[in-house]
1. For a Förster distance of 35 Å, can you work out the FRET efficiency between the beta-carbons of residue 164 and residue 20, rounded to the nearest 0.05?
2. Please compute the length gained on full extension between residue 202 and residue 173, using 0.36 nm multiplied by the number of residues separating them and subtracting their Cα-Cα distance.
3. Once amide H atoms are placed 1.01 Å from N in the peptide plane, what residues at a sequence separation of 5 or more from residue 101, or on another chain, have their amide H within under 5 Å of its amide H?
4. Arrange the peptides 158-170, 180-192, 104-116, 50-62 so that the one whose residues have, on average, the most other Cβ atoms within 10 Å appears first.
5. Subtracting the Cα-Cα distance from 0.36 nm times the residue separation, let me have the gained length for residue 145 to residue 48 in nm, one decimal.
6. Suppose R0 equals 35 Å. What FRET efficiency, 1/(1 + (r/R0)^6) with r the Cβ-Cβ distance, do residue 195 and residue 137 give to the nearest 0.05?
7. Is the C-alpha gyration tensor of the range 34-85 telling us rounded, prolate or oblate? Criteria: a/c under 1.5 is rounded; beyond that, a/b larger than b/c is prolate, otherwise oblate.
8. If I model a spin label as a point 7 Å beyond the Cα along the Cα-Cβ vector, how far apart are those points for residue 153 and residue 79 in nm?
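What follows draws every value from the coordinates through simple rules; no lab data is involved. The shown structure was predicted, so the numbers you read here are calculated from the model rather than taken from an experiment. Cβ placement follows ideal geometry from the backbone for every residue including glycine, while neighbour counts extend to all protein chains displayed.
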Amino acid sequence: MAKASFYTASNLLLFAVVSTALLAWTYDLTRETIARSIENEKLKLIAQIAPSATYDNDIMKDVADLAADKLLGGTETTVVYRGRLNNRPSIAVLQAVAPDGYGGRIHLILAIHHDGRISGVRVVSHKETPGLGDYIEIAKNDWINGFNGISLENRKSSEWKVKKDGGTFDYRAGATITPRAVVKAAHKALRYYAQHRDELFAQSLPENTSGKEGKK
């Protein structure tokens with residue numbers, strides 16, 4: 001019995017070691033590919049919400065680290081992408097998290113014009129119910145475009161709610177929690193921008209960001 005138990009334990013240990021080694025090896029092989037894929041997806045999203053005409057620098061390199069802040073909803077450091085036109089602040093792209101989605105955390109990206117108007121909002125990732133709460137994705141519904149052009153100046157704080165709660169944002173019956181979370185997160189991110197706009201753009205400009213590729 002003791003010998004059999006020993007052999008069983010040894011086999012399990014060997015299996016665990018080999019499996020861990022294979023996982024580590026696979027991760028190492030695919031890490032760069034995954035990173036490039038994420039970067040490409042981020043580029044696509046930024047291109048959708050931050051029109052190229054609004055900046056003439058390399059927005060993907062003109063970045064600054066942002067400490068975790070409750071208005072951005074996350075618990076980790078994030079990055080702001082800064083667009084400049086003729087060396088003047090023009091647009092900023094922030095990352096935010098709605099922690100209270102129906103299926104958990106909803107990761108967002110927002111482009112905000114220098115004057116505080118939202119240029120666009122996109123959902124980066126979520127776990128909302130397919131076919132019900134996933135209409136927050138631009139590929140499935142244009143609901144997310146309802147944020148375009150909105151600012152703290154033209155939308156009162158009491159209006160930053162879905163219509164069911166007395167606000168001005170549309171929602172789909174049976175899936176109120178999802179849009180409610182996104183609206184709240186977008187409002188908080190816009191307030192963060194209003195409070196920190198000057199310092200977001202005040203940090204020194206990184207090297208080699210004076211213009212887009214092919215532009216001077």
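1. 0.10
2. Between residue 202 and residue 173, full extension yields an extra 6.1 nm.
3. For residue 101, whose amide H was placed from the backbone, the distant partners under 5 Å are 106.
4. 180-192, 104-116, 50-62, 158-170
5. 33.8 nm
6. Once the sixth-power term is evaluated, E becomes 0.75.
7. oblate
8. In this crude spin-label approximation the distance works out to 3.1 nm.
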